[in-house]
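Novice: I'd like to ask you about the structure that follows.
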Ligand SMILES: NC(=O)c1ccc[n+]([C@@H]2O[C@H](COP(=O)([O-])OP(=O)(O)OC[C@H]3O[C@@H](n4cnc5c(N)ncnc54)[C@H](O)[C@@H]3O)[C@@H](O)[C@H]2O)c1
């Protein structure tokens, strides 16, 4: 049995990851400040300890992480609405929080959650780990004020440094993970569309809706991660920055139509220019992962389609609104 220290474990991906780790017979210690997560996302378990507090509290991070064999660091300010309203906090949680977690946990193997947002706005459609990511490129996602993407870029640099000093580090870049217990409160598209279909409010699409994305099922995402963690190859260069995301690509217009039709909803579809909602920012036009490295490391991942994910979500009906 391993002891795994998980930051941000009360959040959406966090709670699924914690469930996976417990099912794999690990002991788990979660540190979460509940800024967007909730203890209700996690069921009591004899091998689970939840500590409420921030990764910005150095002393607490040292105490909470004592004796761990693996660190999974995903505490972050996520979601456009939150990031846009608190850019500096978003940057700091990633930069200072990651510094604290790396320092507190010595030479323990660490999995760092970055984001596909580091590819910025200017990327080619399919983005690859071999792309060189400068801070300037990452910051095109943030707009004029450094925030989420710049913070994650800093997280990656801290990860590289630790790796150069001999530590086992894996950096992953998730692409639009969705599923049950994802909150609609911070601007995530799928829970918002579902919420609006439920309430009969308009489904609001930014820009013309022809921007494209790939959406990845959280359960497949966490089992993928669990396989990667157990693979020795992944913990060494050049394999340790990994895009994780589905190969099913669709436009936001199509996503809205699928959800509306599956929910048999009468909600009208409305369009708003992105910068009326987030002034001085632009939306990423097309974003999906080159997953050749992931395939090389673990074979093809059989990602559920958006229809399959939505069907399961509507049965589980646990989108938090
Ligand atoms: N959901 C996605 O599609 C997606 C895409 C790319 C990257 N990611 C990354 O995955 C990770 C998890 O994201 P999520 O979608 O589950 O978001 P989430 O908001 O549900 O989870 C983040 C968790 O971090 C906690 N947290 C925030 N600040 C903290 C702090 N200072 N100290 C301790 N805990 C803190 C929150 O309370 C929350 O529980 C994040 O690192 C995010 O950047 C997610």
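The values are calculated or read from the model by the stated rules, or taken from the named source; none is laboratory data. Keep in mind it's a predicted model, so treat the numbers as computed, not measured. As a convention, Cβ positions derive from the backbone with ideal geometry for all residues, glycine included, and neighbour counts pool all protein chains shown.
Novice: Do we find a residue being surrounded by fewer than 19 Cβ atoms within 10 Å (Cβ to Cβ) and either more than 22 Å from the chain's Cα centre (by Cα) or within 11 Å of the ligand (Cβ to nearest atom) (or both) anywhere in the stretch 211-231?
Specialist: No, that holds for no residue.
Novice: In the stretch 272-288, how many residues are modelled with pLDDT under 95 and either outside any loop (DSSP other than H, G, I, E, B) or closer than 13 Å to residue 244 by Cβ (or both)?
Specialist: The qualifying residues number 7.
Novice: So residue 204 ticks every box in (1) in a helix (DSSP H, G or I); (2) surrounded by 15 or more Cβ atoms within 10 Å (Cβ to Cβ); (3) more than 22 Å from the chain's Cα centre (by Cα) but one. Which box is left unticked?
Specialist: Here residue 204 meets the rest and fails (1).
Novice: Something else: Looking for whichever is assigned to a helix (DSSP H, G or I), in contact with a strand residue (DSSP E or B) (Cβ under 6 Å, 6 or more places away or on another chain) and more than 9 Å from the ligand (Cβ to nearest atom) here; the options are 18, 50. Which one fits?
Specialist: Exactly one of 18, 50 is assigned to a helix (DSSP H, G or I), in contact with a strand residue (DSSP E or B) (Cβ under 6 Å, 6 or more places away or on another chain) and more than 9 Å from the ligand (Cβ to nearest atom), namely 18.
Novice: Output the number of residues of the stretch 63-85 satisfying the condition of being at pLDDT 95 or above, within 11 Å of the ligand (Cβ to nearest atom) and under 18 Å from the mean Cα position of the chain (by Cα).
Specialist: Within the stretch 63-85, residues that are at pLDDT 95 or above, within 11 Å of the ligand (Cβ to nearest atom) and under 18 Å from the mean Cα position of the chain (by Cα) number 5.
Novice: Related question: With (1) near the ligand (Cβ under 8 Å from one of its atoms); (2) closer than 20 Å to residue 3 by Cα as the list, and residue 37 as the residue in question, which single condition is left unmet?
Specialist: (2) is the only condition that residue 37 fails.
Novice: I would also like to ask the following. Looking at residue 293, is it buried (at least 19 other Cβ atoms within 10 Å of the Cβ), assigned to a helix (DSSP H, G or I) and within 19 Å of the chain's Cα centre (by Cα)?
Specialist: Taking the combined requirement at face value, the residue satisfies it.
Novice: Of the residues 314, 293, 272, which is touching a residue at least 40 places away in the same chain (Cβ under 8 Å) and closer than 30 Å to residue 2 by Cβ? Show your work before the answer.
Specialist: Numbers: 314 fails: closer than 30 Å to residue 2 by Cβ; 272 fails: closer than 30 Å to residue 2 by Cβ.
Exactly one of 314, 293, 272 is touching a residue at least 40 places away in the same chain (Cβ under 8 Å) and closer than 30 Å to residue 2 by Cβ, namely 293.
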